[in-house]
1. Would you check if there is a residue in the stretch 164-177 being at pLDDT 80 or above, in a strand (DSSP E or B) and of a type outside the set (A, V, I, L, M)?
2. Just a yes or no: is a residue in the stretch 55-69 over 41 Å from the mean Cα position of the chain (by Cα) and not in a strand (DSSP E or B)?
3. When you scan the stretch 119-136, do you find a residue that is of a type in the set (V, I, T), without any contact (Cβ under 8 Å) to a residue 60 or more places away in the chain, part of a loop (DSSP other than H, G, I, E, B) and in contact with a Phe, Trp or Tyr (Cβ under 8 Å, 6 or more places away or on another chain), even just one?
4. Determine whether the stretch 80-90 contains at least one residue that is outside any strand (DSSP E or B) and aromatic (F, W, Y).
Amino acid sequence: MEPLVFVALIAILVIFFLGIRIVRPTERGLIERLGKYKSFAEPGFNWIIPIIDRMYKVNTTEQMVDAEPQEIITNDNLNARVDAVVYFRVFPDEKSVVNSQYNVNNYTLQVVNLARTTLRNIIGTLTLKSANSERGKINSELHRTLAEETANWGIQIVRTELKEIDPPKDVQETMNKVVKAENEKIAAVDYATAAETVADGVKRAKIKEAEGVKQSKILEAEGAAEAIRLVNEAADKYFVGNAQLLKKLETTESALKSNSKVVVPSGTELVNMIGDMAGIVPMHK
């Protein structure tokens, strides 16, 4: 009996160790018994009956798949090379993990095929130019369609991103020439604007200078007018009734300045006035 008990214990230990299954935190397990779903395995230690039971582990972390480059005919009949990537993950709850295994055959491959088909449908309605300028719209439409189509697969479409939308080589060269011409046009406009600004500054400076000259002449004229007014007032005050004498005096002043000889009759009133102004007392014979 003892050998049989020993053999039984050994068999039990072997069966026990063969049935141990360890599930990592990034995984969930599905246990099938004789081909039928039996239970859900959480992370940690799990045990199954060897041969009778079988465990399938499912990765629940975020994954990335490449939709692979493909040629798509745009709405303006150009062949564009399009590539995109899709990020997704399996929800970690039991129902989602079950759906990812029993509702779809190889969900990774299905996501790739669905993304390629959706991209052809979206970009086929756009021109090449609008497809390049509306990448955000294409990403949103692709994400929405994938999320709707995979709703019962137990997975979450996290995000989608277009990697490239490349036109044919000849079209790309033409587009580059157009962009270069537009940049040169913008540079020319900027240069013209700068030159206009400089010219406007010079113009304003000349206007300011002319206004300064004008103001200076006005002040000079006002000063001359004030001087004439003061002379007139003095003439009215000191030479009332002697206008002819004043004129003679001015003539004499001008002659003296030019060192001209002037003959003035002696004993005249003009001589007396000049003497008074010079402080000379006439001599009497």
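1. yes
2. no
3. Looking for residues that are of a type in the set (V, I, T), without any contact (Cβ under 8 Å) to a residue 60 or more places away in the chain, part of a loop (DSSP other than H, G, I, E, B) and in contact with a Phe, Trp or Tyr (Cβ under 8 Å, 6 or more places away or on another chain), one finds none in the stretch 119-136, hence no.
4. For the stretch 80-90, residues outside any strand (DSSP E or B) and aromatic (F, W, Y): absent.
Conditions (1) exposed (fewer than 15 other Cβ atoms within 10 Å of the Cβ); (2) without any contact (Cβ under 8 Å) to a residue 12 or more places away in the chain; (3) closer than 30 Å to N139 by Cβ, marked per residue:
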residue: I15; (1), (2), (3): yes, no, no
residue: G19; (1), (2), (3): no, no, no
residue: G29; (1), (2), (3): no, no, no
residue: E32; (1), (2), (3): no, no, no
residue: G35; (1), (2), (3): yes, yes, no
residue: I48; (1), (2), (3): no, no, no
residue: I51; (1), (2), (3): yes, yes, no
residue: R54; (1), (2), (3): no, no, no
residue: D66; (1), (2), (3): yes, no, yes
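The values are calculated or read from the model by the stated rules, or taken from the named source; none is laboratory data. Quantities reported herein were computed from a predicted structural model and do not represent experimental measurements. Positions of Cβ are backbone-derived with ideal geometry, glycine not excepted, and every protein chain shown enters the neighbour counts.
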